[in-house]
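Each remark here refers to the structure printed beneath this line.
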Amino acid sequence: MEKIFYGHKGRQSHKWHHYLEVYDLHLKRFRNTPVRILEIGVQTGGSLQLWRKYFGPTAVVFGVDIDPACQTFDDQDAKVRIGSQADASFLRSVVAEMGGLDIVVDDGSHVASDQQISFETLFPQLSNGGVYVCEDLQASYWDIFHNGGYKRPGTFIELAKQLVDDIHEWYHDTPPEVVNNAASLIHAICFYEGMAVIEKRSRPRSYYCGMPPVVSAT
Ligand SMILES: C[S@@+](CC[C@H](N)C(=O)[O-])C[C@H]1O[C@@H](n2cnc3c(N)ncnc32)[C@H](O)[C@@H]1O
């Protein structure tokens with residue numbers, strides 16, 4: 001990913017340097033497959049070109065943005081649709097057009113309520129084995145423009161922290177708080193600076209195991 005990003009000569013993209021390693025860690029298994037990736041936040045269109053290069057010719061690459069000017073970045077590399085990440089029916093229509101969803105990268109408004117609506121809408125649509133990435137969670141701590149604040153309920157950081165409790169519901173007997181019982185479909189929640197990566201995989205109740213089996217003496 002670093003090679004592709006720093007060698008890129010096309011349209012501009014801005015990412016924090018350490019995100020590149022994180023993408024590779026969680027997304028490389030999708031390279032050269034018909035993966036369906038949706039990025040929220042197109043801006044200058046560079047990241048869509050990078051996803052195309054990274055995932056290869058069989059990937060389905062879509063971007064959504066609220067700014068109609070981004071329509072000009074709709075091309076052979078990626079489809080761009082104009083609308084808000086806070087509009088659940090718009091997001092569902094984009095996923096229908098994509099034919100399903102394997103990866104979401106939320107790099108849109110970074111406003112807490114928008115991130116939450118996108119997660120609540122798109123996480124249930126992700127395929128089993130899919131990955132949900134929410135970027136720039138620094139904004140979860142910023143009040144101005146982003147409705148954030150330290151430990152402020154409703155931010156994406158707090159939602160992801162709640163999911164940590166929700167995936168352990170067997171052990172504290174408190175019902176999951178995040179909607180759609182999302183935790184029952186979560187294999188892993190990984191926090192990096194400014195970024196949360198949620199790996200979806202249906203998860204039956206875990207069990208303890210031991211090898212070799214105990215053989216009775218009788
Ligand atoms: C950080 S930029 C995206 C950068 C791009 N992903 C990249 O890596 O180069 C954020 C984009 O989100 C868009 N945006 C802001 N509010 C939005 C919303 N409610 N829904 C969809 N996109 C939004 C902005 O217009 C802007 O283009």
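Bear in mind these aren't lab numbers, they're just calculated from the coordinates by the rules spelled out. Fair warning: this is a prediction, and the values are worked out from it, not measured in the lab. Because the Cβ atoms are built from the backbone with ideal geometry, glycine has one as well, and the counts that use them run over all protein chains shown.
Values for this structure:
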item: Within the stretch 30-44, tally of residues that are more than 6 Å from the ligand (Cβ to nearest atom) and in contact with a strand residue (DSSP E or B) (Cβ under 8 Å, 6 or more places away or on another chain); result: 6
item: From Gln49, Gln43, residue being within 15 Å of His8 (Cα to Cα) and touching a residue at least 12 places away in the same chain (Cβ under 8 Å); result: Gln49
item: Complete set of residues in the stretch 108-160 that are more than 16 Å from the ligand (Cβ to nearest atom), of a type in the set (S, T, N, Q), part of a helix (DSSP H, G or I) and out of contact with any helix residue (DSSP H, G or I) (no Cβ under 6 Å at 6 or more places or on another chain); result: none
item: Output for the stretch 182-200, where each listed residue is buried (at least 20 other Cβ atoms within 10 Å of the Cβ) and out of contact with any Leu (no Cβ under 9 Å at 6 or more places or on another chain); result: none
item: Some residue of the stretch 167-181 being surrounded by 16 or more Cβ atoms within 10 Å (Cβ to Cβ), within 22 Å of the chain's Cα centre (by Cα) and not in a loop (DSSP other than H, G, I, E, B); result: no
item: Output for the stretch 61-93, where each listed residue is of a type in the set (A, V, I, L, M, F, W, C), out of contact with any Cys (no Cβ under 7 Å at 6 or more places or on another chain) and surrounded by fewer than 19 Cβ atoms within 10 Å (Cβ to Cβ); result: Ile66, Ala69, Ala86, Ala88, Phe90
item: Subset tally (residues that are over 16 Å from Lys79 (Cα atoms) and either assigned to a strand (DSSP E or B) or within 13 Å of the ligand (Cβ to nearest atom) (or both)) for the stretch 6-16; result: 7
item: Residue match in the stretch 94-101 (condition: within 14 Å of the ligand (Cβ to nearest atom) and not hydrophobic (A, V, I, L, M, F, W, C)); result: no
item: Near pairs, Cβ below 7 angstrom, 6+ apart or cross-chain, from the stretch 3-23 (more than 20 Å from Gly194 (Cβ to Cβ) and in contact (Cβ under 8 Å) with a residue 60 or more places away in the chain) to any residue that is among the small types (Gly, Ala, Ser) and in a helix (DSSP H, G or I); result: Arg11/Gly46
item: Residue satisfying condition, being hydrophobic (A, V, I, L, M, F, W, C) and under 26 Å from Leu20 (Cβ atoms), within set Val179, Val131; result: Val131
item: Unmet criterion (only one of (1) within 16 Å of Asp136 (Cα to Cα); (2) within 13 Å of the chain's Cα centre (by Cα)) for Lys200; result: (1)
item: Among residues of the stretch 93-107, those that are touching a residue at least 60 places away in the same chain (Cβ under 8 Å) and assigned to a helix (DSSP H, G or I), counted; result: 1
